[in-house]
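Quick note: the coordinates plus some simple rules give every number you see, no bench work behind them. In this text, all values refer to a predicted model and were calculated from it rather than measured experimentally. Positions of Cβ are backbone-derived with ideal geometry, glycine not excepted, and every protein chain shown enters the neighbour counts.
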Amino acid sequence: MATRTNALVVPQANQALQQLKYEVAQELGIQVPQDGYYGNMATRDTGAIGGHITRRLVQIAEQAMAGQGQ
C-alpha cells in the first residue's frame, strides 16, 4: 500500500479545503461525490477542480502578501 506524502502542514485546514473543493466544483457545474470516491469521475473534471483550487489558493496568498507589505 502506498504511503501518503501530501500531508497538510496545518491539519485544521482540511475542513476549509474541503469546503473550497465543493465551492469550486459548484462554480464549474461539476457534481462531487458525497462518499468521497472519485473513481467514477472524469479525469478532466477532477483536474479542473484541482486547477481552480490552486489558482484560488495562489490568489489568497498573493493578497495576504500584498497586505503584509503595507
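Hey, any hits in the stretch 34-45 for a residue that's of a type in the set (D, E, K, R) and assigned to a helix (DSSP H, G or I)?
So far as the stretch 34-45 goes, yes, one or more of its residues are of a type in the set (D, E, K, R) and assigned to a helix (DSSP H, G or I).
Yes or no: the stretch 8-15 includes at least one residue that is touching a helix residue (DSSP H, G or I) at 6+ places or on another chain (Cβ under 8 Å) and hydrophobic (A, V, I, L, M, F, W, C).
For the stretch 8-15, residues touching a helix residue (DSSP H, G or I) at 6+ places or on another chain (Cβ under 8 Å) and hydrophobic (A, V, I, L, M, F, W, C): present.
How many residues does the stretch 4-23 contain that are assigned to a helix (DSSP H, G or I) and farther than 18 Å from Y38 by Cβ?
3
Filtering the stretch 24-33 down to residues that are in contact (Cβ under 8 Å) with a residue 12 or more places away in the chain and in a helix (DSSP H, G or I), which residue is nearest to T46 (Cα to Cα)?
Filtering first and then ranking leaves A25.
Can we say A66 is surrounded by 10 or more Cβ atoms within 10 Å (Cβ to Cβ) and in a helix (DSSP H, G or I)?
So A66 does not fit the description; no.
Out of (1) surrounded by 10 or more Cβ atoms within 10 Å (Cβ to Cβ); (2) in a loop (DSSP other than H, G, I, E, B), what's the single condition that is false for R55?
Of (1) surrounded by 10 or more Cβ atoms within 10 Å (Cβ to Cβ); (2) in a loop (DSSP other than H, G, I, E, B), only one is false for R55: (2).
What pairs can you find where one residue is in the stretch 7-22 and touching a residue at least 40 places away in the same chain (Cβ under 8 Å), the other is exposed (fewer than 11 other Cβ atoms within 10 Å of the Cβ) and of a type in the set (V, I, T), and their Cβ atoms are less than 6 Å apart, with a gap of 6+ or different chains?
Close Cβ pairs (under 6 Å, with a partner that is exposed (fewer than 11 other Cβ atoms within 10 Å of the Cβ) and of a type in the set (V, I, T)) do not exist here.
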